[in-house]
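**Q** Before anything else, here's the structure in question.
The values are calculated or read from the model by the stated rules, or taken from the named source; none is laboratory data. Source: prediction; values computed, not measured. A quick note on method: Cβ atoms are made from the backbone with ideal geometry, for glycine too, and the neighbour counts reach across all protein chains shown.
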Amino acid sequence: MSTPTLFLVGASHRTAPLEFREKLALGLEAEAGFAKELAELSSLQEFAVLSTCNRVEIYGVATEDCALDQVAAAFCARQHVDAGEFGRFGFVARGREAVQHLFEVASGLDSQVLGETEIFGQVKRAYAVAQARGSVRAVLNRVFQKAFQAAKHVRTNTAVTAGQVSVANVAVDLALDVFGSLENARVLLIGAGEMARKSGRAFASRGAGNLTVSSRRLERASQLAAELGASVLRFEERETRLAEWDIVVCSTSAPSAVISAGAVRSAMKERAARPILFVDLAMPRDIEASVADAGNLYLYNLDDLGQIAEKNRLARVAEAERGRLVLSQRADAIWQQLQAQLAAGVSGGSCQAPEPAVQDRALRAVVFA
């Protein structure tokens with residue numbers, strides 16, 4: 001490779017099933033450790049890591065083609081993922097396609113719930129973290145800043161965000177379908193992060209007046225409870241008192257399930273004919289999948305909510321196409337500028353031979369609409 005190139009390596013809900021995405025989820029410590037490994041790659045000039053419930057994407061500027069394999073190999077090793085499996089479910093993009101993809105991600109056009117706005121903040125946080133550790137420079141700084149401008153333009157000048165377009169709102173609509181009214185429903189939020197905050201606000205806005213928050217960190221649970229006018233449940237009691245709630249929304253960053261099938265079966269015995277609606281917004285999942293067999297209950301995960309949202313997206317499809325046309329034009333313009341910038345940034349680099357498992361497989365390219 002004679003000229004540095006902009007690239008993207010990743011996997012998302014569009015290419016990977018829920019069970020595989022669980023293996024890819026990066027916690028804060030894992031992401032920090034992964035970033036240190038990437039910083040040691042001599043063939044990698046810049047990088048930023050975007051990790052959300054529905055995607056893990058590494059954006060980079062490389063001086064050698066083998067940098068893409070090295071990034072993928074480092075990620076697979078850290079997450080204990082088979083390189084061949086990542087090759088089947090992952091994707092790569094280079095140059096202008098990588099620019100277009102980031103623009104669509106930041107605008108909510110590549111989201112599981114078309115037009116959702118949470119992703120904009122997640123991309124901004126990923127960029128801020130990369131800035132703080134000094135892993136983004138001239139090229140990625142420009143690409144991300146232009147992505148934010150493009151996303152704001154799309155949200156302002158199209159109706160792609162019209163209607164109930166957040167996962168939290170889809171969850172509330174689902175609860176209304178199950179219970180008819182939320183006035184007397186008891187809602188337990190397990191987790192005290194941004195998704196729990198959005199879920200709590202969404203439930204409160206639709207008439208739910210009995211909210212409870214539970215988190216490993218009691219202080220965070222208390223802060224969110226005060227904001228929502230909710231009560232607090234000690235995290236250690238979440239399973240023993242599960243039968244007290246009609247709706248349980250989980251959104252923790254725990255590495256494994258926090259609600260077991262055994263606890264749910266016990267709760268259902270106490271509730272007799274009264275169902276519980278479980279909404280799992282976490283990645284990896286907070287609720288054991290076998291819970292679905294525990295009786296009179298409803299269990300929905302992120303992919304389930306995405307399928308429900310798909311039914312409501314038709315009204316926004318035309319607006320999304322308008323948005324993609326605008327983003328395509330902007331991607332063309334910025335890519336023309338970046339090509340000259342990359343050509344002026346030629347620098348040496350060397351690659352060690354990748355591990356055989358990586359050498360024998362090629363990430364498949366994805367053509368982004």
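**Q** Tell me, which residue of segment 126-167 that is in a loop (DSSP other than H, G, I, E, B) and either among the hydrophobic types (A, V, I, L, M, F, W, C) or within 13 Å of Leu102 (Cα to Cα) (or both) is nearest to the chain's Cα centre (by Cα)? Spell out how you get there, then give the answer.
**A** The initial filter retains those residues of segment 126-167 that are in a loop (DSSP other than H, G, I, E, B), namely 134-137, 158-166.
If we keep only those that are either among the hydrophobic types (A, V, I, L, M, F, W, C) or within 13 Å of Leu102 (Cα to Cα) (or both) too, we end up with 136, 159-160, 162, 165.
Values: Val136: 21, Ala159: 23, Val160: 19, Ala162: 21, Val165: 15 Å.
So, considering only residues that are in a loop (DSSP other than H, G, I, E, B) and either among the hydrophobic types (A, V, I, L, M, F, W, C) or within 13 Å of Leu102 (Cα to Cα) (or both), the one nearest to the chain's Cα centre (by Cα) is Val165.
**Q** Tell me, which helices (runs of 4 or more DSSP H) wholly within segment 291-369 include 2 or more residues that are modelled with pLDDT of 85 or more and farther than 27 Å from Cys53 by Cα?
**A** 314-343
**Q** When you go through Arg220, Arg216 one by one, which is the residue that is without any contact (Cβ under 8 Å) to a residue 60 or more places away in the chain, assigned to a loop (DSSP other than H, G, I, E, B), outside the structural domain of Leu44 (by TED's automatic domain parsing) and basic (Lys, Arg)?
**A** Details: Arg220 fails: assigned to a loop (DSSP other than H, G, I, E, B).
After ruling out the rest, the residue left standing is Arg216.
**Q** Being in contact with a Phe, Trp or Tyr (Cβ under 6 Å, 6 or more places away or on another chain), buried (at least 16 other Cβ atoms within 10 Å of the Cβ) and either closer than 24 Å to Phe103 by Cα or free of Cβ contacts under 8 Å to residues at least 40 places away in the same chain (or both) is true for just one of Ala16, Ala35, Ala25. Which residue is that?
**A** Numbers: Ala35 fails: in contact with a Phe, Trp or Tyr (Cβ under 6 Å, 6 or more places away or on another chain); Ala25 fails: in contact with a Phe, Trp or Tyr (Cβ under 6 Å, 6 or more places away or on another chain).
When all the criteria are applied, what remains is Ala16.
Conditions (1) surrounded by 23 or more Cβ atoms within 10 Å (Cβ to Cβ); (2) assigned by TED's automatic domain parsing to the domain that holds Thr63; (3) within 30 Å of Ala202 (Cα to Cα), marked per residue:
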{"position": "Gly84", "(1), (2), (3)": "no, yes, no"}
{"position": "Gly87", "(1), (2), (3)": "no, yes, no"}
{"position": "Ala93", "(1), (2), (3)": "yes, yes, no"}
{"position": "Glu104", "(1), (2), (3)": "yes, yes, yes"}
{"position": "Gly108", "(1), (2), (3)": "yes, yes, yes"}
{"position": "Val113", "(1), (2), (3)": "yes, yes, yes"}
{"position": "Thr117", "(1), (2), (3)": "no, yes, yes"}
{"position": "Ala128", "(1), (2), (3)": "no, yes, yes"}
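**Q** Could you please find all residues in segment 248-272 being free of Cβ contacts under 8 Å to residues at least 40 places away in the same chain and not in a helix (DSSP H, G or I)?
**A** Initially, segment 248-272 is screened for residues free of Cβ contacts under 8 Å to residues at least 40 places away in the same chain, giving 254, 256-257, 260-272.
Within segment 248-272, Ala254, Ser256, Ala257, Ser260, Ala272 meet the criteria.
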